[in-house]
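To start, the structure under review is shown below, and the notes come after it.
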Amino acid sequence: MEDLTTERTAAFLGMHAVIASEPMRRLLAMAERVARSNATVLITGESGSGKELIARALHHFSPRAHRPWVDLSCAALPDHLLESELFGYDKGAFSGADNAKPGLFELADRGTIFLDEVGELDPKMQVKLLRVLDGVSYYRLGGVKKISVDVRVVAATNQDLERSVEQGRFRGDLFHRLGQITLHVPPLRERGDDIVPIARYFLAQQDARLRFSDPALALLRSYSWPGNIRELRNVVTKAAVLAQGDLILPGDLPLARLNRVGAAHVPEPVSLDGMERRMILDALRATGGHHQKAAARLGISRRTLSRKLKLYEAGAAQAAL
């Protein structure tokens, strides 16, 4: 077992992790224990909190570590392409299918497949995924020969899948099958000891000569980081570009304007749903209502953004009744 309590950095399939806080040390220790099994794992957490890192750690620590690692965002492709991407197709399955193509499940055979944003799967794909998880052989699109694979499935979501099940948008049986083991990645605001080491790591990637002033570090610690590690990376990258010397000052940080009022006041706690809604609306305002740009700014798909906006509209209409 790797001694993560003394190491400040680790690498999982080429993705570097900076580990300083007790919550993350405990989570990685749990991931290492879980990795030894073949149990399906569901990783939950806010967008940008590091769910893929934990998924890669599961493969890294598993007996399948030297076998294939395959990952896919379920929100990255339209529904009609997602099936062929996951399960492949035979020659002539549809117009343009001039050659057979193995799906990602075949490519991941004896290894691990990571399905990010699994809550975006449509009902048809949920059924097919459930059957594969239950060990049922499947056909490629247009195929006549059944395919059997030995794949460890790790999935991730920033959604409340239990609520999705209650609302009929996600199958309850698939939810329980995916969550044989559930690992939750805490948001950055709940692991404050990680903020400075991660910020310094990102800064060194930009320019090893730069360092943070003490006031800048205090500002980084005080901020609530609604965008988590992804937001921290963006802030540090911009600061490295804006800095006029070798020392990063509070004024070099893009978030300084947000915190200067009230001596780096930390916002009052809000619900997770409320914070998510505020971030989405702020992104839309910042992009002039442009959905594609707002989705890119948030690190989510346009389809996810549209679905969220529809939920807000439905909630507002119900509240008005």
inquiry  = Given a Förster distance of 35 Å, report the FRET efficiency between S306 and V196 from their Cβ-Cβ distance, rounded to the nearest 0.05.
reply    = 0.45
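Calculate how many DSSP beta bridges within region 9-184 are antiparallel, expressed in % of all such bridges and rounded to the nearest 5. Can you show the working numbers first?
On the way: 7 of 25 bridges.
If I count the DSSP bridges inside region 9-184, around 30 percent turn out antiparallel.
222 nm [θ] for the chain, helices only, -39500 (n - 2.57) per DSSP H run of 4+, per residue, to 500?
Numbers: 14 runs with 145 residues, N = 321.
Taken over the chain, the calculation gives -13500 deg cm²/dmol.
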remark   = Treating only Lys and Arg (+1) and Asp and Glu (-1) as charged, each at its beta carbon, one finds that the chain has a dipole about its Cα centre, in Debye to the nearest 20, of 360 debye
inquiry  = Under 14 Å from a point placed 7 Å out from the Cα of L13 along the Cα-to-Cβ direction: which residues of region 44-84 have their backbone N that close?
reply    = 51-74
ask   = Taking the Cα centre of each part, how many Å lie between region 61-75 and region 291-309?
value = 26 Å
query = In region 88-176, which GluC sites (Glu not before Pro) are in a loop and have at most 11 other Cβ atoms within 10 Å, using DSSP for the loop call?
reply = none
task = Report the relative contact order of the chain, percent, no decimals, based on alpha-carbon pairs under 8 angstrom and at least 6 residues apart.
result = 18 percent
message = If you take P(r) over Cα pairs in 10 Å bins from 0, in percent from the coordinates, which of (1) 5, 23, 30, 25, 13, 4, 0; (2) 6, 28, 37, 22, 6, 1; (3) 6, 27, 34, 19, 6, 4, 3, 1, 0 do you get?
response = (1)
note = Ranked output for segments 225-234, 45-54 by mean other Cβ atoms within 10 Å, highest leading, reads 45-54, 225-234
query = With a Cα-only, solvent-free Debye model of region 192-260, what are the log10 I(q)/I(0) values at q = 0.17, 0.20, 0.28 Å⁻¹?
reply = -0.49, -0.70, -1.53
ask   = Mind ordering 245-252, 193-200 by average Cβ neighbours within 10 Å, highest first?
value = 193-200, 245-252
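What FRET efficiency do you get for R25 and V241 if R0 is 30 Å and r is their Cβ-Cβ distance, rounded to the nearest 0.05?
Values: r = 32 Å, r/R0 = 1.08.
Once rounded, the FRET efficiency stands at 0.40.
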note = Residues whose modelled amide H sits under 5 Å from the amide H of T9, counting only those 5 or more places away in sequence or on another chain, are I19
task = State the answer as a single residue: which of V235, L217, I248 lies farthest towards the positive end of the charge dipole of region 192-260, with beta carbon charges of +1 for Lys and Arg and -1 for Asp and Glu, about the Cα centre.
result = V235
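Might you report the magnitude of the Cβ-based charge dipole of region 192-260 about its Cα centre, with Lys and Arg at +1 and Asp and Glu at -1, to the nearest 20 debye? Could you put the intermediate results ahead of the total?
Numbers: 9 positive and 7 negative charges, 31 e Å.
Once rounded to the nearest 20, the dipole reads 140 debye.
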query = Which whole-number percent gives the relative contact order of region 18-115, counting Cα pairs below 8 Å spaced six or more residues apart?
reply = 27 percent
Size of electric dipole in region 1-146: Cβ of Lys, Arg +1 and of Asp, Glu -1, about Cα centre, debye, nearest 20 = 540 debye
ask   = Over region 192-260, what relative contact order in percent results from Cα pairs under 8 Å that are six or more residues apart?
value = 38 percent
request  = Amide H neighbours of L183 under 5 Å, at least 5 residues apart or on other chains, H built in the peptide plane: list them.
outcome  = L42, I43, T44
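I'd like the antiparallel share, as a percent to the nearest 5, of DSSP beta bridges with both residues in the chain.
Approximately 25 percent, going by the DSSP bridge assignments.
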inquiry  = What whole-number distance in Å separates the alpha-carbon centres of region 219-256 and region 21-58?
reply    = 27 Å
task = For region 9-184, state the average projected area of the convex hull of the C-alpha atoms over all orientations, rounded to one decimal in nm².
result = 10.4 nm²
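Any read-out appearing in this document is the output of simple, stated calculations on the displayed coordinates, not a laboratory observation. Just so it is clear, the model here is predicted, and its values are computed rather than measured. Here Cβ is always computed from backbone atoms with ideal geometry, including for glycine, and neighbour counts include all displayed protein chains.
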